[in-house]
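In what follows, a single structure is set out as structure tokens and then discussed.
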Amino acid sequence: MFRIIDFILKYKEHFVFIGLFFISLSLILLGDINKIGGFRTIVVATLGWFQKSVFFIPNVAALKSENSALRELNFSLSQKIMNARISEIENQNLRKLLGLKQRMEYQAEVAQVIGVITIDMRKYLVVNKGKNSGIEKFMTVRNDAGLVGLVALSSRNYSLIEPLQNTNLRVPAFDIRSGVQGIINWDGANRLLFRDVAKFLDVSIGDTIVTSKHSMKFVPFVPIGTVVSKEEEEGELFTTIVVKPFVDFSFLEEVFILKYIVDEEILNLVKEYEERVKSIKLPPEKEQKLRPREMIKEKRKLDSLEKTKRNAK
């Protein structure tokens with residue numbers, strides 16, 4: 001008995017601290033939730049873990065307070081969900097009043113990447129879905145992170161995907177914050193660039209770039225990446241904007257092929273115009289340079305022939 005009393009007297013400061021600590025926590029649990037609601041939730045969670053680990057007898061007051069905090073959190077989340085639903089309904093009604101079309105939701109075909117090949121110094125992904133699964137040329141390919149590329153060719157059971165890492169692939173895109181339009185293109189030096197953006201246009205580091213709704217091939221509003229740097233050179237009109245893609249191209253196992261292509265009439269119109277441009281003949285180049293000496297010799301020959309003809313007559 002005396003040993004216990006001596007132990008308590010020896011460490012009395014520690015026992016006083018622990019007692020005051022639990023008293024303060026109790027006062028917090030009984031306090032006004034509007035002022036200390038967030039901290040109260042943390043305290044409730046901490047006490048719950050401590051009680052589960054140390055104590056065997058449940059604390060009814062703590063459980064009641066924890067349930068109250070969880071109910072308040074559920075209430076806050078339900079309010080946010082309801083506000084989001086109301087905003088969606090209002091948006092739909094407003095688009096109807098303005099006569100705007102609803103954004104389309106596209107069907108997606110899941111495909112596995114089964115290989116990577118290189119053709120004419122260009123890298124292509126091989127996937128295990130083709131025409132039998134409804135896959136056609138010019139369909140947009142993405143994964144859960146963002147844009148992967150475009151279907152370049154499809155057979156009955158397989159397709160070739162041209163990824164963003166090909167320098168000849170140009171993607172119309174825009175800054176989702178400011179609406180600035182540009183072209184996404186791989187520069188061949190391990191950088192994805194947002195091209196054709198003038199210096200005075202509003203593009204900031206951290207902005208998100210998505211596919212443009214004016215694209216002739218790509219599904220609109222597919223995430224591409226974020227702006228990580230801007231470089232302005234003297235005497236240049238455009239800014240060099242580097243974009244970090246959302247997709248990790250070094251680790252691609254599964255992709256989604258969006259079953260949407262532009263109206264064939266538009267594609268045929270563009271193709272017809274390109275053929276007309278190619279068929280325009282350029283001015284013929286001069287096959288030979290003017291050579292005065294040879295011209296003089298040729299003229300002398302012609303003159304001598306004329307003289308012989310006259311003499312013969």
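Each value in this text was obtained by applying a stated rule to the coordinates, not by laboratory testing. In this text, all values refer to a predicted model and were calculated from it rather than measured experimentally. Neighbour counts are summed over all protein chains in view; Cβ atoms, including those assigned to glycine, are modelled from backbone coordinates with ideal geometry.
List of remarks:
- Surface/4 estimate of mean projected area, convex hull on alpha-carbon atoms of the range 137-212, nm²: 5.9 nm²
- Restricting the trypsin sites (Lys or Arg not before Pro) of the range 139-188 to loop positions (DSSP other than H, G, I, E, B) with no more than 16 neighbouring Cβ atoms within 10 Å leaves R156, R177.
- 10 Å-binned pair-distance histogram of the range 97-228 (Cα, whole percent): 12, 40, 32, 14, 2, 0
- Cα centroid separation, the range 144-199 to the range 213-247: 9 Å.
- Loop-located chymotrypsin sites (Phe, Trp or Tyr not before Pro) in the range 211-252 (DSSP state not H, G, I, E or B) with no more than 13 neighbouring Cβ atoms inside 10 Å: F221, F251.
- Legend: distances between Cα atoms for K129/K271; K137/K278; K131/K259; pairs beyond 18 Å are K129/K271; K137/K278.
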